[in-house]
Amino acid sequence: MTREDRDRTVLLCAPFAGAGPSFFHPWRALSAGRWRVVPVELPGRERRILETPYRNVAEAARNAVDDIVADLGEGARTVLFGHSLGAVLAYELVHLLSARDVSVDRLVVSGSPGPWTQRERRATGLPEEEFLARVEEFAGFRHEALDHPEMRELILPVLRADCEMHENYVPSTDEPVPVPICSIRGGSDGLVGAEQAQEWRKATTGGFSYAELPGDHMYLVDRAREVLDLIELECARER
């Protein structure tokens, strides 16, 4: 790691259901040197595909935090970003990192109701085709890899585990985080309403801001540059 890398704030990105670290690799170029983009790597996908995926968010955070702290390096300043499942995973990580005196500047949550609100319509436990239809309904699109039997066999167990741990999520603590939170939502998101996205106000003792970008629940797939510009704007705010 170069000194320049050490001096840059880390943008730590937690994945949404079914996603792996590679989703955030294009963000490294798009960040244009503003941050060192570090994806959270969970078992069951990409380099860790042979490992059993987690079914509990708090457990996933606890077991990831050692590797994250090592990757951040001593004295690193950190901004956490998470979309949907990644939002609550990032929330748990803020608690854990703060307890280790890691400097967390801000939590940016996306496409997520507040951490105490559980989704009413669920995918967990449904038969395969119904499960995939429900996930497609939630996401607003169907990933083409799911139409290939070999890829589906690899992806489906992780997607099921991710949905289960998201839909069963209960915060590990009722204590709000001590860092500012920005909540972002796709303006036409049919899964998370504006009022739900603003529930994150109660999850922090710091400042709170709310923003919308054009698009549905998975708006960030096509709006990465706008997301990063918005995070930069938020980071310029006073704590």
inquiry  = Spelling out what I want: for every residue of the stretch 10-18, take phi, set θ = phi - 60°, compute 6.51 cos²θ - 1.76 cosθ + 1.60 (Karplus), and round to whole Hz; glycine and proline get x.
reply    = 8, 9, 8, 10, 9, x, 7, 4, x
query = What whole-number value in cubic angstrom gives the convex hull volume per residue for the C-alpha atoms of the stretch 100-199?
reply = 140 Å³
request  = Quick one: compute the contact order of the chain, relative version, from alpha carbon pairs under 8 angstrom and 6+ residues apart, as a percent.
outcome  = 20 percent
note = Per GNM of the chain with C-alpha springs under 10 angstrom, the most fluctuating residue out of PRO115, PRO15, PRO43 is PRO43
inquiry  = For the pair TRP116/VAL170, report the inter-label distance in nm, with labels modelled 7 Å from Cα in the Cβ direction.
reply    = 1.4 nm
remark   = If R0 = 22 Å, then GLN198 and ARG134, at their Cβ-Cβ distance, give a FRET efficiency to the nearest 0.05 of 0.30
message = Can you give the Rg/Rh ratio of the chain, where Rg is from the C-alpha atoms and Rh is the Kirkwood radius?
response = 0.94
inquiry  = Tell me the mean residue ellipticity at 222 nm calculated for the chain from its helices only (DSSP H runs of n ≥ 4, each -39500 (n - 2.57), averaged over every residue, nearest 500).
reply    = -11500 deg cm²/dmol
key: For GLY44, residues with placed amide H under 5 Å, excluding near neighbours   = ILE49, LEU50, GLU51
inquiry  = For the chain, set up a GNM with springs between Cα atoms under 10 Å and report which of GLY125, GLY207, GLY111 has the largest fluctuation.
reply    = GLY125
HN-Hα J in Hz across the stretch 175-183 - Karplus 6.51, -1.76, 1.60, θ = phi - 60°, x for Gly and Pro = 6, x, 7, x, 10, x, 10, 10, 10
remark   = Computed from the beta carbon distance with a Förster radius of 41 Å, FRET efficiency for GLU51 and TYR210 to the nearest 0.05 stands at 0.70
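A short reminder: the numbers here are calculations on the coordinates, not readings from a lab. Since we're looking at a predicted model, the values are computed, not measured. All Cβ positions, glycine included, derive from the backbone under ideal geometry; neighbour counts span all protein chains shown.
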